[in-house]
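Notes for the one structure printed next.
The values are calculated or read from the model by the stated rules, or taken from the named source; none is laboratory data. Everything numeric here is computed off the predicted structure, so don't read it as measured data. A quick note on method: Cβ atoms are made from the backbone with ideal geometry, for glycine too, and the neighbour counts reach across all protein chains shown. Side chains are part of the model used for accessible areas, which takes the heavy atoms of the whole protein and leaves out ligands, DNA and RNA. Shrake-Rupley method; radii C 1.70, N 1.55, O 1.52, S 1.80 Å.
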Amino acid sequence: MACTVGPEPLGDGGGSKRPKWDNKLQYLLSCIGFAVGLGNIWRFPYLCQTYGGGAFLIPYLIALVFEGIPLFYVELAIGQRLRRGSIGVWTAISPYLGGVGLGCVTVSFLVSLYYNTVLTWVLWYFLNSFQSPLPWSSCPLDVNRTGFESECQASSTVSYFWYRQTLNITADISDSGFIQGRLLACLAASWAVVYLCVIRGIESTGKAIYFTALFPYLVLTIFLIRGLTLPGAVEGLIYLFTPDVSWFEVQAPGSRENMSQSHSPGQLAPSPAMGMAVRQRPGPTRGRVWVQILQNPRVWLDAATQIFFSLSLAFGGHIAFASYNPPRNNCEKDAVTIALVNSMTSLYASIAVFSVLGFKAANDHGRCLDRNILHLINAFDFPDQSISRDDYAAVLTHLNTSQPERVARLHLEACHLEDFLDKSASGTGLAFIIFTEAILHMPGAPGWAVLFFGMLFTLGLSSMFGNMESIITPLLDMGLTHRSIPKEVLTGLACLLCFLSAICFTLQSGNYWLEVFDNYAAPLNLIIFAFLEVVGVAYVYGLQRFSDDIVCMTGRRPSLYWRVTWKVVSPLLLLTIFVAYIAVLVWTPLSYRAWNTQYARFPSLQEKSYPGWVQATCVLLCFLPALWVPGVALVQLLAKHRRKQKDTWQDRRPKLQDGGAS
Amino acid sequence: MLRLLFVLVPAIHAQLCQPDAENAFKVRFSIRTALGDKAYVWDTNEEYLFKAMVAFSMRKVPNRETTEISHVLLCNVTQRVSFWFVVTDPSKNHTLPAVEIESAIRMNRNRINNAFFLNDQTLEFLKIPTTLAPPTDPPVPIWIIIFGVIFCIVIVAVVLLILSGIRQRRRKSKEPSEADDTEDKCENTITIENGIPCDPLDTKGGHINDAFMTEDERLTPL
């Protein structure tokens, strides 16, 4: 049995009791809120559409069953059994694994920095939604008041509002610019809200979670109902669930398409090599298409990583939440329930999102047709409104045969509905550019904008609770401070430290840095920690002892499925994902896409490679948190070695004395 | 003589008003787009109204107060409802400079639009840019107001929570500390569940060496 050599936990000793949940519902909602985050809204629908819904769900479900749920169960069980945060838990299992806990805290800290910055942007949009017309519906006038701002006219009103009036972004990551006052104010407000909710640990988050976990479902339902009644919604949904094969034949790693923004945040969604290509409609039969899709390793990698990050595994947040449970709680049922709810939410959200996006595509297609019709009417002097959208194709062919040169001189744009449906994006591009534009065309736009951004804010807030708890609970358990210092001060200090560190993201180049953090700080480290977690529990702690603990907690021995996945399947899967991820990272050049008004092909984003020092930062971020593990193991080894030396030296001294005496 | 004039005037008319002529402007009406079912038909009476509005605009220009409706010439009226127009001087020999016409139309654009129930997009004067309305900025941007409200509420709530926490702690320190932690006690005792003991992880960090303990008992006391 491993001796615990580490700081004595103060949580359940001495005078202060360990806090506990008011009821089971608070605990479930907290875990669900932590798992369900922004990635469910803007990453899963994108993956579904890219790989063609039905075909993507198969690897997704397989990953859920063999990787997601077993890992999740381990975290809940170990937290509930050992009743400590991540640092305490892993130190208790084995002193050499203590670095896992420290690494989890570090990764949680880094993630909460940039996650709350995204919430800052959401808050900014939320505050700006209380006016009609919405500020991103029209371009501002230029200095002379003779026309619109050139940057806005060249791109679009929503892109301009996002890049210029929100971020005020620079053209290069090395050009930091100034701190944006309005973003700083919103950052302070969002950290104040987070502090208000985590001020007393789970006592306060437990009350707040009722609203922040349930409100998004209400809004999603409203959007679903509204979305399905909009014209064009059904086309969007059909497109979502149609598998498409030609995608990965056209796309090459690192290639980007002409799209305003399609970067995919890491923890919200990890995939540095996500590009896009124009899709053609599939030709082969449905069965063959599905097999072809499933043969592509990228689908499996994306499904596995999506499940992994969607459940927020290896952050230590679920361990922290479970540590406040009563010892005899059925964590097996909890794990399966929460994981299934998370996946169902992803599906639900993707239906709502794509019905709205289908509406947007139909709307854009209609306006494209109207523009062409106007050109035709003006050029050929037809009566006003004489060509309807349905007649357009017939009239165009007629004119092409009779007067092709005049028609060619008009430079009409090609209007295909598929092109508009193809314009998808994930991450902030979906929320702040595409969805805001879709909302502009819905009747009662300000109300929908308020609802949408309110939902995003509460979604992110409930995930922030988990992040903050994964930082605060282990630190509290370690007993770093004297017991007389109240918990409010500790949480306040943690929030203040995070706020001050996150100010760097309010610089003008903040968005580029956020992408760096999102793509490199979390993903690889979390995979390493998850692998060490499952191996640590299955082999170091011992599956026999773990099964005994589970019997004690749930009353049933874990079945063969659990034992096989813990011992064999999950570690293997994680190892494969790790290797594949490193391969993808090495393959894709370290580059980013910049909003450069001087770029020849503006408003397309310009592909630039990171300068050397930024590349070094990326590599550091990838591995630094994981270095806690070998570091702590080394320290423990040295300490043990020194103790052994001291013991043998002390043993030798009495022998000398005895020898001398007798 | 008079008959000669009647022949000459239309000829001069035709020369002055032509597509792309000097000082000529093209106008485009999109009545059905603007009014839908309530659209009126474009006929010579509407043309007369248009001439009247242009003449009215010109009369507001200094030195042109004597412009008459007959000085405004329309030509090339299409089914689109688009046509060209020029404004001639009283002698009807040459047209007024485009600059004057443009400034006159811009000054009275609103009156002209309203006469036809149209707006700047549906009544287009090609080559005459529209004057954009100045942005109506409220004195305080709306987002600051709502931000202030939310921030104040949050700060007040935080202060209240901190104060109530302080009060709770003061009350607790005044009362004697009671017996507690039956839960912790349970954790340290060995409970049997289904025949399997649930030991907590041994946190004491030391082992009891049985061999050492029993040694005393093995030795006979002196």
(request) Take the stretch A:16-65 and flag every residue that is closer than 30 Å to B:Lys172 by Cα and either surrounded by fewer than 24 Cβ atoms within 10 Å (Cβ to Cβ) or modelled with pLDDT under 90 (or both). (result) A:Ser16, A:Lys17, A:Arg18, A:Pro19, A:Lys20, A:Trp21, A:Asp22, A:Asn23, A:Lys24, A:Leu25, A:Gln26
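This table checks each residue for (1) modelled with pLDDT under 75; (2) of a type in the set (Val, Ile, Thr); (3) exposed (fewer than 10 other Cβ atoms within 10 Å of the Cβ); (4) touching a His at 6+ places or on another chain (Cβ under 9 Å).
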| site | (1), (2), (3), (4) |
| --- | --- |
| B:Ile128 | no, yes, no, no |
| B:Gly148 | no, no, no, no |
| B:Ile192 | yes, yes, yes, no |
| B:Ile208 | yes, yes, yes, no |
| B:Glu217 | yes, no, yes, no |
(message) Please go through the stretch A:598-640 and give me each residue that is farther than 30 Å from A:Cys104 by Cβ and surrounded by 15 or more Cβ atoms within 10 Å (Cβ to Cβ), ordered by number.
(response) A:Tyr599, A:Pro603, A:Ser604, A:Leu605, A:Gln606, A:Lys608
(request) Please work out if A:Thr473 is away from every other protein chain (no Cβ under 14 Å), closer than 22 Å to A:Thr229 by Cα and polar (S, T, N, Q). (result) no
(request) Identify all residues within the stretch A:119-166 that are among the small types (Gly, Ala, Ser) and within 13 Å of A:Val450 (Cα to Cα); write none if there are none. (result) A:Ser129, A:Ser132
(request) Quick one: in the stretch A:275-301, of everything that is open to solvent by 50 Å² or more (accessible area, probe 1.4 Å) and of a type in the set (A, V, I, L, M), which residue is modelled with the lowest pLDDT? (result) A:Val278
(message) Within the stretch A:509-526, does at least one residue satisfy the condition of being under 28 Å from A:Leu76 (Cβ atoms), in contact with a Phe, Trp or Tyr (Cβ under 8 Å, 6 or more places away or on another chain) and charged (D, E, K, R)?
(response) yes
(request) Assess whether A:Tyr125 counts as being buried (at least 24 other Cβ atoms within 10 Å of the Cβ), away from chain B (no Cβ under 14 Å) and part of a helix (DSSP H, G or I). (result) no
(request) Would you point out the residue of the stretch B:74-102, among those that are more than 16 Å from B:Phe50 (Cβ to Cβ) and small (Gly, Ala, Ser), that is modelled with the lowest pLDDT? (result) B:Ser91
(message) Here is a list: A:Phe241, A:Phe215. Which entry is away from every other protein chain (no Cβ under 14 Å), at pLDDT 95 or above and open to solvent by 30 Å² or more (accessible area, probe 1.4 Å)?
(response) A:Phe215
(message) Looking at the structure I just gave you, is B:Lys60 open to solvent by 60 Å² or more (accessible area, probe 1.4 Å), within 14 Å of chain A (Cβ to nearest Cβ) and among the basic types (Lys, Arg)?
(response) no
(message) Here are the criteria: (1) more than 19 Å from A:Thr120 (Cα to Cα); (2) open to solvent by less than 10 Å² (accessible area, probe 1.4 Å); (3) part of a helix (DSSP H, G or I); (4) aliphatic (A, V, I, L, M). Tell me which single one A:Ile472 does not satisfy.
(response) (2)
(message) Could you go through the stretch A:82-94 and let me know if any residue there is open to solvent by 10 Å² or more (accessible area, probe 1.4 Å), among the basic types (Lys, Arg), under 20 Å from A:Tyr541 (Cα atoms) and within 14 Å of chain B (Cβ to nearest Cβ).
(response) yes
(request) For residues that are farther than 15 Å from B:Leu16 by Cα and free of Cβ contacts under 8 Å to residues at least 40 places away in the same chain, scanning just the stretch B:79-101, find the one that is farthest from the other protein chains (Cβ to nearest Cβ). (result) B:Val99
(message) For the structure I just gave you, tell me whether B:Asn119 is away from chain A (no Cβ under 14 Å), in a helix (DSSP H, G or I) and open to solvent by 30 Å² or more (accessible area, probe 1.4 Å).
(response) no
